[in-house]
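The structure under discussion appears below in the form of structure tokens.
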Amino acid sequence: MTNVADTSVTYTAAGESADGVSVQVEPATITLAPGESAAVEIMAQAGGLPIGEWAFGSVTWSTDGTYASGVPVADATFPMLVQSTAAQLEVDPGEVAAEQEPDTVTEHTVTIGNTGGQGLEWNVVEETGEQAITLRPVTGTPVTASALPKDRTLPGQGELLEPARNSGTVASGIQTQVERPAADEGSVTMTHSESQAVLANNTVACSAEDGLTGDNGFLRTFTLTDFAIADEFAVTDVSFGVEAVNGAPANVTVRLYTLDGETLTYDNLTQIGSSEVTLQPQALQMVSVPVTGTAPAGSTLVVELDAPSTSETSGFFAGSNAEGESAPSYLRSVDCGMPEPAPMSVIGFPDTHLVLNVTGTTDAPDTQLPEWLTMEPMSGTVPAGQTQDVTVTIDSAGLSAGDIERTIAMLASNDPDQPTTSLPISLTVSGDGSEPPVDGASQDIVATVPQDGGGEDGSLLISVDPQDRTVELPEMASQGDRLATSGELRPVMVTDSRTADPGWNVSAQVSDFAGSDEGLFAGGFLGWAPSVESSSDGQAVTPGDVVAPGFPSGEGLSVPRPMGSAEPGSGRGSATLGAGLDLQVPMATTPGVYTAILTITAL
């Protein structure tokens with residue numbers, strides 16, 4: 001609000017609305033000097049209206065103030081149009097992970113929020129019965145990607161086709177919460193997506209400047225045991241977001257595979273089903289495609305959206321957002337020199353999280369709460385815009401150090417977009433102060449190339465995220481035909497408490513380094529010398545081989561490289577791994593700050 005009078009004026013707000021709508025204004029009274037402005041908040045609650053119905057209202061700012069001439073200042077009225085929306089469930093945090101000693105009790109608070117317009121009714125499901133449920137993973141099985149080809153097309157090279165975001169007509173930054181098609185009763189949907197929203201100009205595809213696309217495969221993996229599914233999974237349909245279909249209609253084939261090896265390559269995939277769909281030109285939509293195929297118990301199901309090259313007629317960009325994901329999104333494109341699936345983060349686009357879900361039938365996970373877990377309350381009603389706290393109590397009585405328990409608390413609600421929401425809950429019983437086992441991690445590596453090609457100003461900074469650990473490397477210096485620096489990676493602890501003692505392998509792979517000013521250099525320029533800093537009694541841990549930087553040519557750490565390993569029968573306990581880092585980049589590298597992602601996995 002801005003006071004256009006030539007005197008100070010006090011305004012008082014009064015809201016008027018249709019039945020079923022309440023209006024609140026904060027602050028309700030405000031005094032403004034001549035020309036002064038102030039922000040006010042107008043809140044309309046439409047929970048009394050049927051879902052989807054519109055209602056008119058207004059806020060009138062009245063005053064008895066006058067201009068300096070004595071003429072009364074007119075009241076100001078702001079019309080409103082309000083729509084009633086359904087209840088919308090939010091759960092914070094999205095999972096509960098407790099680490100505690102034996103015979104102890106801990107309490108954790110989970111907040112149930114309602115960001116919709118209707119009252120939220122929720123309850124903890126104790127028997128799933130015929131209810132459709134949505135599952136998110138309770139653990140993560142790492143999947144290894146193949147090495148990126150050195151001659152692949154890099155973003156920003158100016159090629160006719162290159163990995164790039166949609167340059168079509170969708171306005172950048174627009175995000176649409178599209179409704180996922182309702183699942184049949186008794187069905188189970190697996191998803192890695194924290195949100196079903198589709199964000200404009202967020203997806204990367206092998207594409208041209210006009211928004212037309214070459215061949216692209218958009219993939220996700222679903223390891224059944226990660227979702228607490230112990231039986232086979234019979235797929236009935238796949239739902240996915242569509243950011244855009246540009247130009248002419250696009251044909252997309254939904255393919256189902258099982259992964260028959262540790263590395264995600266087409267040689268390791270066995271197709272178990274497929275279905276083709278023709279998509280009309282559209283933007284920010286959700287599509288469901290019927291497709292059948294059965295993934296055996298214990299397998300990893302792979303879903304691909306296979307779009308052939310249409311670079312002269314149309315363009316297809318699958319839907320994505322940057323709201324978070326529990327497993328990587330993958331891209332494949334022969335036209336851009338990537339014949340095998342590569343994680344979006346590894347090719348330099350860590351915020352492209354595909355909205356891709358798979359629905360089918362299986363024996364649903366047991367949703368009865370185990371003896372070590374209680375939740376209070378077990379149900380509730382949350383008014384629009386409000387929250388309710390739930391106390392999660394975890395009791396490690398009778399458990400021993402090294403035990404790990406996992407379960408899913410299934411929440412049912414009247415949120416039409418999320419009729420069921422899974423809350424993963426885990427308990428790790430400690431006793432020796434060690435950290436839980438490492439089964440996967442992403443670390444940000446930030447490198448700074450100096451402005452003067454290796455003079456007094458400039459350094460390389462490596463930070464480990466999300467632990468917020470930082471490694472300061474000496475400033476980059478010229479070594480004839482290259483800039484170079486070296487230092488030490490922060491330690492990585494691996495703790496194995498499995499009674500079978502099957503051994504383990506830790507490996508890592510780095511993405512390309514993307515610069516703040518659109519510069520780019522290969523992740524292969526980074527090398528290392530792994531080491532074993534410490535290990536438990538009885539462990540036999542071997543460090544990985546030394547990997548030289550790939551300068552001027554070579555793969556360096558751009559492909560998975562062993563960091564350390566323990567043979568079966570000698571891996572139980574805690575070991576700390578380290579590595580000396582060696583980064584060498586060309587003298588002509590554009591100055592700036594470059595970021596890459598180092599993915600560490602343990603198998």
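Would you say THR85 is in contact (Cβ under 8 Å) with a residue 60 or more places away in the chain and open to solvent by 30 Å² or more (accessible area, probe 1.4 Å)? Here the answer is no, as THR85 does not meet what is asked. If you go through the stretch 240-286 and keep only what is free of Cβ contacts under 8 Å to residues at least 12 places away in the same chain and either of a type in the set (S, T, N, Q) or crowded, with 16+ Cβ neighbours inside 10 Å (or both), you end up with just ASN268. With respect to SER17, determine if the residue is small (Gly, Ala, Ser) and farther than 21 Å from GLN386 by Cβ. When the stated conditions are applied, SER17 does not pass them.
Looking only at residues in the stretch 579-601 that are of a type in the set (Gly, Ala, Ser) and crowded, with 20+ Cβ neighbours inside 10 Å, the one that is modelled with the lowest pLDDT is ALA596.
Residues in the stretch 221-239 that are assigned to a strand (DSSP E or B) and either surrounded by fewer than 19 Cβ atoms within 10 Å (Cβ to Cβ) or not charged (D, E, K, R) (or both): how many? Residues in the stretch 221-239 being assigned to a strand (DSSP E or B) and either surrounded by fewer than 19 Cβ atoms within 10 Å (Cβ to Cβ) or not charged (D, E, K, R) (or both): 9 in total. Of all residues in the stretch 267-280, none are under 26 Å from the mean Cα position of the chain (by Cα) and at pLDDT below 95.
Each residue in the stretch 333-349 was checked for being of a type in the set (D, E, K, R) and either over 21 Å from LEU212 (Cα atoms) or in contact with a Phe, Trp or Tyr (Cβ under 8 Å, 6 or more places away or on another chain) (or both), and 1 of them qualify.
Counting only strands (runs of 3 or more DSSP E) that sit completely within the stretch 287-387, those holding 2 or more residues that are of a type outside the set (Lys, Arg) and open to solvent by less than 10 Å² (accessible area, probe 1.4 Å) correspond to 300-307, 314-318, 330-333, 338-343, 356-361.
Let's see how each residue does on (1) of a type outside the set (Gly, Ala, Ser); (2) closer than 23 Å to ALA200 by Cβ:
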position	(1), (2)
PHE317	yes, yes
ASN321	yes, yes
GLY324	no, yes
ASP335	yes, no
MET338	yes, no
SER345	no, yes
GLY348	no, yes
ASP351	yes, yes
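The values are calculated or read from the model by the stated rules, or taken from the named source; none is laboratory data. Being a predicted model, the structure only gives us computed values, none of them experimental. Note: ideal-geometry Cβ built from the backbone for every residue, glycine included; neighbour counts use all protein chains shown. Keep in mind that these areas ignore ligands, DNA and RNA; they rest on the heavy atoms of the full protein, side chains included. Shrake-Rupley method; radii C 1.70, N 1.55, O 1.52, S 1.80 Å.
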